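Notes to accompany the following structure.
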Amino acid sequence: MSLKIQKIRIQNFRSIREISISPGDLAVLVGKNDSGKSNVLRALNLFFNGTTSHDHLIDFESDHNVYNRPNRRAKEISVKIEFCIPENYRRVNGDEVVWEKRWRSEGLVHDKYAGRRRAQGPRGGVNWQEVEIPDRSNLHALLRNIKFVYVPAIKDLEYFSELRASIYDVIADVADREFRNSSGDFEQSIANQLKDLTDQISESLGFQSRLALPKNLSHIFESLDFLSDEQNISLDLRGDGVKARHIPLILKFMADKKRGLQGRGAQPYNFIWGYEEPENSLEISSSVELADQFLEFSGNGITQVLLTTHSPVFYNLHRKDECIVKNVSCHHVYRSDEDGTKQAEVLTDLDERMGMTALIAPMTAAIEDKVRRQEEARAAVEAMARANRRKIFVEGPSDKSILEKALRVFSPERAGEIDVETQNSAGFNYVIDMLLSWRSRAKHHEGQPRAAGLLDQDQDARKAVTRWNSTPNNVESAKCFKLPTPPQLIPALKAGFRVSVVLESIYDLDAWRWAEGRGYLEDAKLLNVVPDELMTRIVSGNTTLDENLPNDWAIFVKKQFNQAGKSPMSRYFSGRPDDEFRERFAFLEHLVQEIVNYLFPNEQAPE
């Protein structure tokens, strides 16, 4: 367990008259412009680093809260933090530590901390007893090793230069000698080019002169650049959004490196980030990826992250099930004319208070869901691709069972070289997301095997197949296929019935009647299936549905498989003898050969 902030109390700082916040591992401070949410992070920066923002010392006259009018007491700013300390520190130091700093016009006037121990109070209550921390306690070093990193809202070139220079400060202890050894050749090359100049200086001034790299290489690191792997474009020339995505990765690298350089027995570092408006300059999809990155880092290498935001991508994180486990807290900060910056007690109408209309909020949620699906697909594809095998992505476990059987029957020589991949309730979005990630990876991994996707023929899936295959260069590494129309459905479709071609519709009439006898079918929604003209005649009483449905295909119009029946049917057919499967699903052979030929272009099947 790390040392963590469990409560922050700020008094008389800028717009804050008094505010108390109990942050989680990832604490999201949300509020409108000028609400004062940034002042919480600046107060923490003052507490830990002695500056109110990135490089500004305290100016008491302007930083003191204008609403504070003490009668006889001197004006002062107070920041008090309660820390939850690791279990192995508690026996001597108490259950938690309270650290307070106070500033007056003359500067810092109070800087003290003490332990507190929970004790049983009267009538079952709780009392807190102050504990003096012994001089030799390791807790002092633990508190000194808190590293608070403040990231401003405006992340300009100067900030990036300082950030790059700080990389050197972190790695200098271990890497300085290696840098010096490798820079010798560089220094000698410079000396050779400037030999005439140094000879003239030596002759004129009477002493030897030579050029050398500075002892502190941080200024060189300020000028280091990050180049894209393809066009070698400088980070300084990239968009603000691309630059912004580098920041948490650099900060996390430095935290991991600093922790890794610690000697045995040293008190661990605890890194806390105060991050202003991470969504600045990012489109919503990148904001979702960054939000998930913060979620991953908090409590995992970074002790805590406190950030300010206007974006629902960040302030709705606490509503997600997985974030309850990760201890994500959300704090709505607003500004009162009388009391200054305050924290709202309830979050139920946060979207509305932040100006998110009923129309925009669902759209944002849908985009978030799409981006997170694609993130999961990228991670899954990265793991799958290491096996260097062909893949077929399908919409669910039933599709997987039937397709694997079809491969064994219609292409036995290739079946063992192809993996059919899916997940429960995958749907067509899963297939397209996996193809997208496979295609994206193939761009950077020459020789990666091809992948295919197989979709139903419902309306959304047909559009997805057309859109995917018509996008330039997609089919170079990943292609989408659709189920063929089974012969038993052709009469119904010709008659104008809108019957969907899904996996279960490829089962023949005998299979459907067998399934009906076992309760695997349910009534179809006829409004979605029956042609409009026929439905009008039925409603008018001029005809009935049964009069227009021959017995050999009526069941395909009036019924559909229920959820309970899908898995038993696919298991049944995937376990049937090969000859029977070949006879009943002969129309799948052409599809299988198409997919196999695509996955193995210009390759002869093994004997």
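The values are calculated or read from the model by the stated rules, or taken from the named source; none is laboratory data. All values reported here derive from a predicted model rather than from experimental measurement. Note that each Cβ is placed from the backbone with ideal geometry, even for glycine, and that neighbours are counted across all protein chains shown.
Quick notes
- Residue within the range 158-179 that is more than 26 Å from LEU261 (Cβ to Cβ), in a helix (DSSP H, G or I) and at pLDDT 80 or above present: yes
- For ASP419, the conditions (1) assigned to a helix (DSSP H, G or I); (2) modelled with pLDDT of 95 or more; (3) more than 20 Å from LYS566 (Cα to Cα) all hold with the exception of (1).
- Residues that are over 16 Å from CYS84 (Cβ atoms) and part of a helix (DSSP H, G or I) within the range 134-145 comprise HIS140, ALA141, ARG144, listed in sequence order.
- Screening ASN424 with (1) over 30 Å from PRO312 (Cβ atoms); (2) assigned to a loop (DSSP other than H, G, I, E, B) gives one miss only, at (1).
- Taking the numbered list (1) modelled with pLDDT of 90 or more; (2) of a type in the set (Asp, Glu); (3) surrounded by fewer than 18 Cβ atoms within 10 Å (Cβ to Cβ) in turn, ASP399 passes all entries but (3).
- Yes/no for ASP546 being within 19 Å of MET569 (Cβ to Cβ) and in contact with a helix residue (DSSP H, G or I) (Cβ under 9 Å, 6 or more places away or on another chain): no
- Only one entry of SER78, SER20 meets the criterion of being within 29 Å of ASN138 (Cα to Cα) and over 30 Å from the mean Cα position of the chain (by Cα), and that entry is SER78.
- Residue among LEU455, LEU509 that alone is on the phi < 0 side of the Ramachandran plot, buried (at least 20 other Cβ atoms within 10 Å of the Cβ), at pLDDT 95 or above and among the aliphatic types (A, V, I, L, M): LEU455
- Any hit, the range 114-133, residues being crowded, with 17+ Cβ neighbours inside 10 Å, in a loop (DSSP other than H, G, I, E, B) and in the same structural domain as LEU41 (by the TED database): yes
- Any hit, the range 474-481, residues being under 21 Å from VAL420 (Cα atoms), exposed (fewer than 12 other Cβ atoms within 10 Å of the Cβ), among the acidic types (Asp, Glu) and in contact with a helix residue (DSSP H, G or I) (Cβ under 8 Å, 6 or more places away or on another chain): yes
- Pairs where the first residue, in the range 48-73, is among the charged types (D, E, K, R) and the second is surrounded by fewer than 15 Cβ atoms within 10 Å (Cβ to Cβ) and part of a loop (DSSP other than H, G, I, E, B), C-beta under 8 Å, 6+ apart: GLU61/SER105
- Residue identified as touching a residue at least 60 places away in the same chain (Cβ under 8 Å), charged (D, E, K, R), at negative phi and assigned to a helix (DSSP H, G or I) among ARG414, ARG439: ARG414
- Verdict on GLN593 being within 22 Å of LYS482 (Cα to Cα), in the same structural domain as ARG414 (by the TED database) and free of Cβ contacts under 8 Å to residues at least 24 places away in the same chain: no
- Any helices (runs of 4 or more DSSP H) falling wholly within the range 7-110 and containing at least 2 residues that are at pLDDT 95 or above and touching a Leu at 6+ places or on another chain (Cβ under 9 Å): 37-49
- Residue check for PRO491: under 30 Å from ASP552 (Cα atoms), assigned to a helix (DSSP H, G or I) and in contact (Cβ under 8 Å) with a residue 40 or more places away in the chain: yes
- Total residues in the range 259-313, condition part of a loop (DSSP other than H, G, I, E, B), over 26 Å from GLU376 (Cα atoms) and free of Cβ contacts under 8 Å to residues at least 40 places away in the same chain: 4
- Yes/no for ASN33 being assigned by the TED database to the domain that holds ASN327, within 22 Å of SER298 (Cβ to Cβ) and of a type in the set (S, T, N, Q): no
- Of the set (1) of a type outside the set (Phe, Trp, Tyr); (2) within 30 Å of ILE167 (Cα to Cα); (3) buried (at least 18 other Cβ atoms within 10 Å of the Cβ), all apply to ARG144 but (3).
- Listing of helices (runs of 4 or more DSSP H) fully contained in the range 519-576 that carry 1 or more residues being of a type in the set (D, E, K, R) and outside the structural domain of SER500 (by the TED database): none
- Within the range 499-513, being over 11 Å from PHE561 (Cβ atoms), assigned to a helix (DSSP H, G or I) and either within 45 Å of the chain's Cα centre (by Cα) or among the small types (Gly, Ala, Ser) (or both) holds for one residue alone: ILE506.
- Checklist (1) small (Gly, Ala, Ser); (2) within 37 Å of the chain's Cα centre (by Cα); (3) over 19 Å from SER2 (Cα atoms) applied to SER105, failing item: (2)
- Any chance ALA452 is touching a strand residue (DSSP E or B) at 6+ places or on another chain (Cβ under 9 Å), outside any loop (DSSP other than H, G, I, E, B) and within 30 Å of LEU534 (Cβ to Cβ): no
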